[in-house]
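Before any comments, here is the structure.
The values are calculated or read from the model by the stated rules, or taken from the named source; none is laboratory data. Please read all numbers here as calculations on a predicted model, not as lab measurements. Please note: Cβ atoms are built from the backbone with ideal geometry, for glycine as well, and neighbour counts cover all protein chains shown.
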Ligand code: ADP
Ligand code: ZN
């Protein structure tokens, strides 16, 4: 029997005391292309599954996680020994299973997924100890140096200070007594002051569970009870918290969070764009009396390290983060909340391509814990899961308190025409004027950054295009630049046409928010107007400041892109104008209607959240479009029903399954050749349709040529296995990348 076999039974046993020495194991390094590799455990060393270890890999030393039993695919005589075990809490069984599950589902290598769970380079270093100083205790035979020591005034001050205080850090003593470091050092050497080494405390305070909650309405109470029962019930469940905008979903799931915390479990809340969530975070602090552990791309390196460790040792009880927060090594996770579950920001589009909402459900399942998905406009996928009985649903159908849902009106821009090169219709203009006259606030929504989406030469017809992408350059007049919104390429806005040399013939086509701002300033010169896009509201600080300005009524009119659709609550905001309601419907991908519906409903949901009623105006050239009609009628169910039946007819999600392959590379002929060969090996069979290869809509992106396949499969097809078989039959050159996107959301 091989050594690998000898231990295989034990290594996955749940006996925590079980340890291995002198045997073989597999270790997974957090590297993009890696799977687990076999190693020997040197004599005298003990490891268990989940231990962080140092291993030789090629010529380098690498860190990895003991994944389990040896795979046995390498001759034990050729195996190398691990170097040692790191001093960090081992990665929990459930986290490792989650890594394996995500890898299997997304078809990304395990190492690439593990990398998301080990994203902090130095988190595995033992934390730096802290030193504190206190008086030596003569009763324990210490402190007899005092009599012989010359008591200078600084020494006296330090001694007196320490007599009255608990053990203090050097910096604090120096600040409070004015004594230098050498004074303290002298006292320690003389034996009258003792230096203590203490483990640094967790940077995260325990939440306060005694803060009085707001009085919940009957409907809220019922919803909260149901969610709390799920949390207390201790087992896997998924509940859709389905409530109209402003119904108090947040207040309700806060109760579920509190229940989980009370049971001593950790909680993670996923927010789609945490940088824009200042208002939400404030409510969170008010409710739990502490700062949550934040996890997103803007958290600094030192804080990331502390957070990672605190999550791993269980001292960070509340984590609030972007999708990657799901991959933290929780010691004791008891509840996952996904707020705004319909948001496409939860889909990660590069590296490991995954949807955080779906992975959250998988993580809850593996951990045997409840998940709560909250939204006013749930995704069709989630609604289908409710329909099928896999998820439960709890509804909040009314706004909290006196607030009512806004009334939605359609403005037909073919009749109610704006002036030439203008975008605000006479009706919208009139309503805006009335709103400002009443001392209320308004919002104009246009989901286009910059000044104009296209610049054209009126002399020769030349259009400004990105050299790296199949995309027009967008004018940003504020910076005097043309910019590509896909790769970030920038060029100075020219005065003359580079194609024909004509001067003063360049025309901006169509509006962006900057142009709308120009129009609004001309129309309402007395009014305080602000533009909010990802260009100027980039981080949490800018977002919080904007929220404050709107709240303090320093702004009358807010103009912005989809960042305004987030859960903001501005009681004085009573009018929302959707400048181009047709915009999102134009592209026509699978989810265009659904996404448009969600986005416009969320934007509309900003109006009338206080005690003044709100109005939403949808400017459209297509008033009979079913998305527009459904929003105007407030009839979500009717919209979803039609949308679902159309998807059913075409076997599209949530009825069928989709996957995409994106073949890309720097040389167009290589990409075409690879795509052709992959196409020739494409599977055929019942319940499978493979479309492609076709040039991607963005057939050039960041300098790479791109071809796409779309695979549609019936529900019962084992999609991943099929793709795996397919691709293993085709050899592609290393210069061509093949990306697999299971459940694609982007069709570009
Ligand atoms: P949603 O998340 O459903 O849009 P919120 O939880 O943001 O709704 O609630 C909307 C507003 O109503 C918030 O300002 C919130 O503080 C307030 N609110 C909701 N429920 C209550 C309640 N029971 N008592 C007091 N205020 C509430
Ligand atoms: Zn570009």
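Inside the stretch 414-439, can you point out the residues that are touching a strand residue (DSSP E or B) at 6+ places or on another chain (Cβ under 7 Å) and assigned to a loop (DSSP other than H, G, I, E, B)? Once the filter is applied, which keeps residues that are touching a strand residue (DSSP E or B) at 6+ places or on another chain (Cβ under 7 Å) and assigned to a loop (DSSP other than H, G, I, E, B), the stretch 414-439 yields only 425. Selection over the stretch 196-225 of residues that are in contact (Cβ under 8 Å) with a residue 40 or more places away in the chain and either touching a helix residue (DSSP H, G or I) at 6+ places or on another chain (Cβ under 8 Å) or within 16 Å of ligand 1 (Cβ to nearest atom) (or both) gives a count of 13.
Have a look at 627, 603 and point out the one that is assigned to a helix (DSSP H, G or I), modelled with pLDDT under 95 and closer than 30 Å to residue 439 by Cα.
Unique residue meeting the criteria: 603.
Report yes if some residue within the stretch 508-521 is within 24 Å of residue 375 (Cα to Cα) and away from ligand 1 (no atom under 16 Å from the Cβ); otherwise report no.
no
When residue 97 is tested against (1) surrounded by fewer than 17 Cβ atoms within 10 Å (Cβ to Cβ); (2) in a helix (DSSP H, G or I); (3) touching a strand residue (DSSP E or B) at 6+ places or on another chain (Cβ under 7 Å), exactly one condition is not met: (3). Taking strands (runs of 3 or more DSSP E) as the structural unit, those lying wholly within the stretch 642-748 and holding at least 2 residues that are within 30 Å of residue 387 (Cα to Cα) and in contact (Cβ under 8 Å) with a residue 40 or more places away in the chain correspond to 657-665, 704-713, 737-742.
The listed residues are 414, 399, and the only one of them that is within 16 Å of ligand 1 (Cβ to nearest atom) and more than 17 Å from the chain's Cα centre (by Cα) turns out to be 399.
Could you please find all residues in the stretch 694-711 being under 18 Å from residue 467 (Cβ atoms) and surrounded by fewer than 18 Cβ atoms within 10 Å (Cβ to Cβ)? Correct list: 695, 697, 702, 703. Can you tell which of 264, 186 is away from ligand 2 (no atom under 16 Å from the Cβ), surrounded by fewer than 16 Cβ atoms within 10 Å (Cβ to Cβ) and farther than 30 Å from residue 611 by Cβ? Residue meeting the stated conditions: 264.
The residue of the stretch 328-349 that is nearest to residue 269 (Cα to Cα), among those that are out of contact with any helix residue (DSSP H, G or I) (no Cβ under 7 Å at 6 or more places or on another chain) and within 16 Å of ligand 1 (Cβ to nearest atom), is 339. For residue 691, the conditions (1) modelled with pLDDT under 95; (2) under 22 Å from residue 649 (Cα atoms); (3) surrounded by 14 or more Cβ atoms within 10 Å (Cβ to Cβ) all hold with the exception of (3).
Could you tell me how many of the residues in the stretch 284-307 are part of a helix (DSSP H, G or I) and farther than 19 Å from residue 266 by Cα? Total meeting the criteria: 2.
Strands (runs of 3 or more DSSP E) fully within the stretch 457-528 that include at least 3 residues being away from ligand 2 (no atom under 16 Å from the Cβ): 506-509.
Every condition in (1) buried (at least 24 other Cβ atoms within 10 Å of the Cβ); (2) under 21 Å from residue 341 (Cα atoms) is met by residue 578 except one, and the failing one is (2).
Scanning for something within 17 Å of residue 378 (Cβ to Cβ) and buried (at least 21 other Cβ atoms within 10 Å of the Cβ), does the stretch 223-232 turn up at least one residue?
For the stretch 223-232, residues within 17 Å of residue 378 (Cβ to Cβ) and buried (at least 21 other Cβ atoms within 10 Å of the Cβ): present.
Of the listed requirements (1) under 27 Å from the mean Cα position of the chain (by Cα); (2) surrounded by 24 or more Cβ atoms within 10 Å (Cβ to Cβ); (3) over 16 Å from residue 246 (Cβ atoms), residue 604 misses just one: (3).
For the stretch 320-355, enumerate the residues that are under 17 Å from residue 97 (Cα atoms), touching a strand residue (DSSP E or B) at 6+ places or on another chain (Cβ under 9 Å) and in a loop (DSSP other than H, G, I, E, B). Once the filter is applied, which keeps residues that are under 17 Å from residue 97 (Cα atoms), touching a strand residue (DSSP E or B) at 6+ places or on another chain (Cβ under 9 Å) and in a loop (DSSP other than H, G, I, E, B), the stretch 320-355 yields 328, 330, 331, 332.
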